[in-house]
Amino acid sequence: MQTVLITGAASGIGRDTARLFAGAGWQCVLVDRNAPALQQLGRSLPAPASAPHRLWAIDLTDPAQIAALGDDLPALDAILNNAGMSDASNTPLADQDAAQMARLLALNLAAPAAVVDACGPRLKPGARIVNVASGAGLHAIPWRGAYSPSKAGLIAQSLALAQARPDLCVTVLAPGFVRTELVDGLIQAGRLQPAGALGKIPLGRMAAPDEMAQALYFLASTGAAPLHGQVLAVNGGSSVYGGSQPLPPATLQPQPLDTPMHLEVCGGDGDAWQGVAPTTVAPPHYAACLDLSPLHGGSAGVLQAVHAAAARFAARYPQQASLTLLLPAAPARRWQDAGDGAAARMLVSTLACEWGSRALRINALEVPAGVQPRSLHPLLRFVCGSAAQYLTGQTLRCSAAAPGTPR
Ligand code: NAI
C-alpha cells in the first residue's frame, strides 16, 4: 500500500485529490487548518483496512506545528504541498503591511519547505514531492498582494530541491484557473471577471478541481520520474497565449476523465511505443495520436516535421482529441540551426491556441538520445489521455534517468 501526505486537503483541489487517492487504495495523511471540513472529508473517504487515514488539523503558517507533523507519521511515498492562499485585501502592494505579506509568504513559500524538512526522515527511497504553484508564478498578477511572488519563489525553491535531492522525484504543478472555493471567492468579491479570464484560455474554459487531482495523481506516481525538476503547467494553454484578441469560449464539455484512450502511433517505427496504450478500444473513447516523425526530422528539420504532423492530425481529427509529438532533446550542432527547436516548440504553443476551442490539444515531449521508450510510457499515457484534458501547448523536457541514479 502507498501513502501520500496532502496539505490543504479540506477544500478545492486538495479535497478532490484526497478522494482520488483514497479511491485508488492509498493511505492518506490529510493536513488542513479547517478541522470540521477535514473531519467531514475523513468520514467520507474509503479507508484501507490495514492503515486508516490520518487527519492533522494544523495551521501551516506556524513552523512549530509543521515540525510536530514529523513526530508520528507512516512512511511516505509522496508529499503534495497543495495548501495555499490568495490575498483577499485588494490592497496595492506598496500599501501592504509586513504582517499581511508575511502570512501569505509563510503559507505559500515557507510551509512547503518546512513540510519536506519535517517529513524528510519518513520519505521512502525515490519518494515524490509535488509542490502546487500557479500560473501566477510564471506571469505577474497585480492586486493579489504577494501571491505571484510567493508562487515564483515556490517554483524556484522546488527546482533547487530537485537539484539537491536527485534521489527523489521533485516536480511542480502550475494550475491555471480552477473552479474552487478560492476562485469562487475572487469572482464573488469582483476581483476576477470570468469572461475576461476565459478569453485568455485557449481551451476556453476553467478546469474542474478533479482535473488537477488527476495531474497530482500522476505526479505522485513513479511514472513521473522523467519530469524530475520540471514544472507541469496544466492551464488550458493560458501560459502560452500572447495574443490580444479574446479567445472563443469552449463549446464542448470535457469527456469523463477516466474515458479509455484510443491511441494511434504514427510517423516512424512505432514498435517501441505501442505499449503506451491498448491499440483497440471500443467507443466511447478519447482519441489520441502520438507522432514520432519530429524525432527523425532529418534534413528538413524539426519545425517542418511538427507542421506536417499537425496538418495530418487536423485533417483527421475535427475535435476533442490530442496530438503528442516526440522531439529530439539534442541541441543543434551548428549555431545556424539553433532556432529550429525553439521555433518547433513555439509552433506547438501556437497550434494549441488555434485549436483550443475545438478541444483539440497538442503537446510535445523532448526526448534525450538513448532514453528507454518504456520509461516514458506512463508519462505519455497521462499526456495523451483523457485525464490530461486541460493540458495543452506545452513542451515537456524529459530526463533519461530515474530517481536514485546519477543524472
Ligand atoms: P482552496 O482555498 O479551495 O483550498 C485551500 C485549502 O488550504 C483550504 O482547505 C484551506 O483551509 C487550506 N489552508 C489555507 N490556509 C491554511 C493554513 N494556514 N494552514 C493549513 N491549511 C490551510 O484553494 P484551491 O483553489 O484548492 O488551491 C489549492 C492550491 O492550488 C493553492 O496552493 C493555490 O494557490 C493553487 N492554485 C489554485 C488555482 C485555482 O484556480 N483554484 C490556480 C492556481 C493555483
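The values are calculated or read from the model by the stated rules, or taken from the named source; none is laboratory data. As the structure is a prediction and not an experimental result, all values here were calculated from the model. Because the Cβ atoms are built from the backbone with ideal geometry, glycine has one as well, and the counts that use them run over all protein chains shown. Each accessible area value is taken on the protein alone, full model and side chains, heavy atoms only, with ligands, DNA and RNA left out. Shrake-Rupley method; radii C 1.70, N 1.55, O 1.52, S 1.80 Å.
Tabulated data for the structure shown
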| item | result |
| --- | --- |
| The stretch 120-161 - residue that is assigned to a helix (DSSP H, G or I) and away from the ligand (no atom under 15 Å from the Cβ) and, of those, most open to solvent (accessible area, probe 1.4 Å) | P121 |
| Hey, A250 at pLDDT below 85 and of a type in the set (A, V, I, L, M, F, W, C) or not | no |
| Candidates I6, I79, I13, filtered to the one that is buried (at least 21 other Cβ atoms within 10 Å of the Cβ), more than 9 Å from the ligand (Cβ to nearest atom) and closer than 22 Å to R179 by Cβ | I6 |
| Test result for V172, open to solvent by 10 Å² or more (accessible area, probe 1.4 Å), within 15 Å of the ligand (Cβ to nearest atom) and outside any loop (DSSP other than H, G, I, E, B) | no |
| Residue in the stretch 87-102 that is within 16 Å of the ligand (Cβ to nearest atom), polar (S, T, N, Q), in contact (Cβ under 8 Å) with a residue 24 or more places away in the chain and buried (at least 19 other Cβ atoms within 10 Å of the Cβ) present | no |
| Single residue of the stretch 178-215 satisfying the filter (open to solvent by less than 50 Å² (accessible area, probe 1.4 Å), of a type in the set (G, A, S) and under 22 Å from S89 (Cα atoms)) that is farthest from the ligand (Cβ to nearest atom) | G190 |
| Residue pairs meeting the criteria (Cβ under 8 Å; at least 6 apart or on separate chains; first within 11 Å of G204 (Cα to Cα), in the stretch 249-264; second open to solvent by 80 Å² or more (accessible area, probe 1.4 Å) and at pLDDT 95 or above) | L252/Q319; L252/R358 |
| Qualifying residues in the stretch 16-28 (those that are crowded, with 24+ Cβ neighbours inside 10 Å and away from the ligand (no atom under 13 Å from the Cβ)) - the one nearest to the chain's Cα centre (by Cα) | F21 |
| Out of A51, A37, sole residue that is in contact with a Ser or Thr (Cβ under 8 Å, 6 or more places away or on another chain) and more than 16 Å from the ligand (Cβ to nearest atom) | A51 |
